[in-house]
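Please treat every number below as a calculation from the coordinates, not as lab data. Everything quoted here is computed from the prediction, not taken from an experiment. Here Cβ is always computed from backbone atoms with ideal geometry, including for glycine, and neighbour counts include all displayed protein chains.
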């Protein structure tokens with residue numbers, strides 16, 4: 001092989017690299033249970049030598065479904081320079097495993113709003129004359145707990161006087177471990193990061209804090225792998241480029257940890273955004289609203 005030909009091959013291989021979201025595994029935390037591998041429809045994860053491993057960056061879509069499957073918080077999403085995700089390579093890998101496997105993958109893409117990749121996957125099946133029931137695929141449902149959704153209209157509930165109370169929630173999921181901080185709903189948005197108990201304590205949470213804002217929830221005392229929370233807040237600020245961040249916590253001392261996580265994240269961000277601290281009293285009143 002001539003040097004020039006070799007150089008061109010190396011160059012083309014480098015050009016395939018791109019910055020994108022991909023999972024990262026903390027091997028010290030990983031206990032090799034295999035839950036993440038079962039939750040990875042693309043087959044990007046395998047258990048090797050008792051630890052979860054990424055077998056190919058080509059297969060990892062970066063949507064983070066496996067995060068919710070990990071019982072020890074060993075997985076997080078990070079942005080780094082890796083090979084571009086290749087839907088064709090994924091389909092070539094999954095089709096031999098049977099219809100249930102590749103249909104689960106396609107539903108996974110659909111549930112997360114990855115319409116372009118979904119169409120590529122369906123196109124692969126059609127190009128290879130693999131018949132599927134497209135209607136069941138379009139209308140079938142995956143796990144509603146982790147599937148990304150955007151709501152066009154608020155849902156309506158009735159109070160005890162049969163008056164309409166509109167939900168101001170605009171997207172799903174909302175738990176910080178499960179959501180994608182680079183999802184379109186967070187682009188240029190005003191975000192509320194709320195401690196879990198606040199919405200139960202403050203009766204007007206939706207109208208006072210959630211209207212025209214995007215929501216993320218977390219518990220600074222009980223949640224594990226808080227380092228991933230810091231990473232996600234950094235991505236919201238630097239990648240999704242949120243406008244403001246309102247941190248709603250209880251007056252309980254442990255709740256202050258959520259505000260501390262935000263401060264730690266902002267020390268790592270390239271951008272700075274206005275942050276408001278809101279403290280809810282144990283009896284459901286607003287104790288403090290302060291721009292930091």
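As a length-normalised measure over Cα pairs under 8 Å and 6 or more apart, the relative contact order of the range 150-291 settles at 24 percent. Treating r as the C-beta distance of residue 221 and residue 72 and R0 as 22 Å, the FRET efficiency rounds to 0.80. In terms of its alpha-carbon gyration tensor, the range 150-291 comes out oblate; a/c meets the 1.5 threshold, while b/c is at least as large as a/b. With the simple model of a label 7 Å out from the Cα in the direction of the Cβ, residue 131 to residue 174 spans 4.5 nm. Panel order for 248, 275, 234, by other beta carbons found within 10 Å of each beta carbon, from fewest to most: 275, 234, 248. Of 223, 61, 188, the sequence from fewest to most neighbouring Cβ atoms within 10 angstrom is 188, 223, 61.
Taking a ≥ b ≥ c as the square roots of the eigenvalues of the alpha carbon gyration tensor, the range 187-228 is oblate, as a/c is not under 1.5 and a/b does not beat b/c. Counting beta carbons within 10 Å around each of 93, 241 and listing the fewest first gives the order 241, 93.
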